[in-house]
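*Asks:* This is the structure I want to talk about, given as C-alpha cells.
Since every read-out is calculated from the coordinates, none of them should be taken as a lab result. Since the structure is predicted, the reported quantities are computational estimates derived from the model, not experimental observations. Using ideal geometry, Cβ is built from the backbone for each residue, glycine included, and neighbour counts are taken over all protein chains shown.
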Amino acid sequence: MNTLPQQPAANAEAAADSVLLSRRRFLQGSGLAALGVAAVPLSGLLLSGEASAAAFTTLGPQTARTLVKMARDIFPHDKLADRFYLQAITPYERAAARDPKLKSLLVNGVAALDAAAKQRYGKPYAALASEDERVVLLKAIESGPFFQRVRGDLVTGLYNNKALWPQFGYEGSSWEKGGYLHRGFNDIDWL
C-alpha cells in the first residue's frame, strides 16, 4: 500500500509498477507539497462530497464516502480536492450497476473495512480522523482482492485525469508532438 508512482506518466499503470516509495517520502522528496495547487475550503469539500456521495444509488453513499477516504489514503495528495478522488471512484457506480460481482466486492469490502475500524477504534473507517489509524486498517487488507482492485483502478482513475496533470507538473504526452528532447522540458522548477 505504501507505494506511488515516482512521477505521473501517460501510462499510469506502468508508472505504478515502477520505483516504489513510501507515501510521505514521495511527497517530501517530490516537492508536490510546494506545487501551486489551490486548497479547497473544508466546508466546500464536505458539502460537495456529501451531495456527490448521495448520487451513489447502487453502491450507497456510505460506500462512496469510504471509497473516497480510502482513495485519499492510498494515494495521498494533501492539496488535491476530494472531487478528484470522487471522480476516480465514480465509474464504480455505473460498473457496479451492471456487474453484481463488482458491486459485492465493493460493498462487502467497505463493510468489512468499517467493521474492522469499529472493532479496533469504535468508528467506521471514513469517520476516523487519524490517517495513521486508517493506514493500519488498510495494511491489514492490502493483499486482498478488494484493496487490490481499488488500488489498481485508482492508478488510472487519478493519474489519467488530464485535469490533474498540471497540478503534478506533468505537461502531458509528448510522442505525438515529437517527443520531449527538443521541446524545452527543462522548465520544471520544483526539482
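*Asks:* Can you give the extra length, in nm with one decimal, that the chain gains between residue 173 and residue 120 once fully stretched, where that is 0.36 nm per residue apart less the Cα-Cα distance?
*Replies:* Values: separation 53, 0.36 × 53 = 19.08 nm, distance 4.46 nm.
Full-extension gain reported as 14.6 nm.
*Asks:* How far, in nm, would the chain grow between residue 148 and residue 129 when pulled straight, counting 0.36 nm per residue and subtracting the alpha carbon separation? Working shown, then result.
*Replies:* Working: separation 19, 0.36 × 19 = 6.84 nm, distance 2.35 nm.
That pair, residue 148 and residue 129, stretches by 4.5 nm at full extension.
*Asks:* Moving on to the next point. Over 29 Å between Cα atoms: which of 69/103; 123/162; 79/101; 103/162 fall into that group?
*Replies:* Working: 69/103 18 Å; 123/162 35 Å; 79/101 34 Å; 103/162 27 Å.
Flagged as over cut-off: 123/162; 79/101.
*Asks:* Quick one: net charge of residue 117's neighbours, Cβ under 10 Å, K/R +1, D/E -1? Don't jump to the answer; show the numbers that get you there.
*Replies:* Numbers: positive: 118, 120, 123, 134; negative: 114, 133.
Neighbour charge sum, excluding residue 117 itself: +2.
*Asks:* Additional query: What full-extension length gain, to one decimal in nm, is calculated for residue 140 and residue 102 as 0.36 nm per residue of separation minus the Cα-Cα distance?
*Replies:* Working: separation 38, 0.36 × 38 = 13.68 nm, distance 2.09 nm.
That pair, residue 140 and residue 102, stretches by 11.6 nm at full extension.
*Asks:* Based on the Cβ-Cβ distance from residue 183 to residue 78, what FRET efficiency comes out when R0 is 25 Å, to the nearest 0.05? Show your work: numbers first, answer last.
*Replies:* On the way: r = 30 Å, r/R0 = 1.22.
In this case the efficiency is close to 0.25.
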